[in-house]
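Taking it in order: structure first as structure tokens, then the write-up.
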Amino acid sequence: WAVSVSSLAPEVQRARATTAPANVVRSPLRRTIHCDVSSVPVEAALVQRDDLLPGEALEGPALIVEAQTTTFVSRDFTAVVDSLGNLILTRSLQEGTSV
């Protein structure tokens, strides 16, 4: 016996280009972590992944927590939520400059 199954591939929705974030999230929740940039303990923002909306940004150091994983945003990165809800992390070259 042999079975062959096929279907048409669905059209993939493309995320809109991420421009300047609409809102920078400031979390009152903090957690002390060992910083990978400065090698000293620092206070990191603690944010629930489900609380982040498209267009919002979170500057490191931060921890984005969800049931399956935790995303670490180090001090030299910014996380932005794109139009499909993906986290886009961008590294800063220096204060106020990013790649």
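Coordinate-derived values only; no laboratory data. It should be emphasised that the depicted structure is a prediction, and the values quoted were computed from it without experimental measurement. Cβ sites come from the backbone with ideal geometry, for glycine too, and all protein chains shown count toward neighbours.
The HN-Hα couplings worked out from phi for segment 42-51 by the Karplus form 6.51 cos²θ - 1.76 cosθ + 1.60 (θ = phi - 60°) are 9, 8, 10, 5, 10, 10, 6, 4, 5, 7 Hz, whole numbers, x standing for Gly and Pro. Amide H to amide H, with H built 1.01 Å from N, Asp76 comes under 5 Å of no residue 5 or more places away or on another chain. Note down the net charge around Leu89, summing +1 for each Lys or Arg and -1 for each Asp or Glu among other residues with Cβ under 13 Å from its Cβ. Residues close to Leu89 contribute a combined charge of -1. A simple count of charges around Ala45, restricted to other residues whose Cβ falls under 9 Å of its Cβ and scoring Lys, Arg +1 and Asp, Glu -1, yields +1. Applied to segment 64-81, the Karplus parametrisation 6.51 cos²θ - 1.76 cosθ + 1.60 on θ = phi - 60° returns per-residue 3J(HN,Hα) values of 9, 9, 9, 4, 8, 6, 10, 9, 8, 10, 6, 4, 9, 10, 10, 9, 10, 8 Hz, with x for Gly and Pro.
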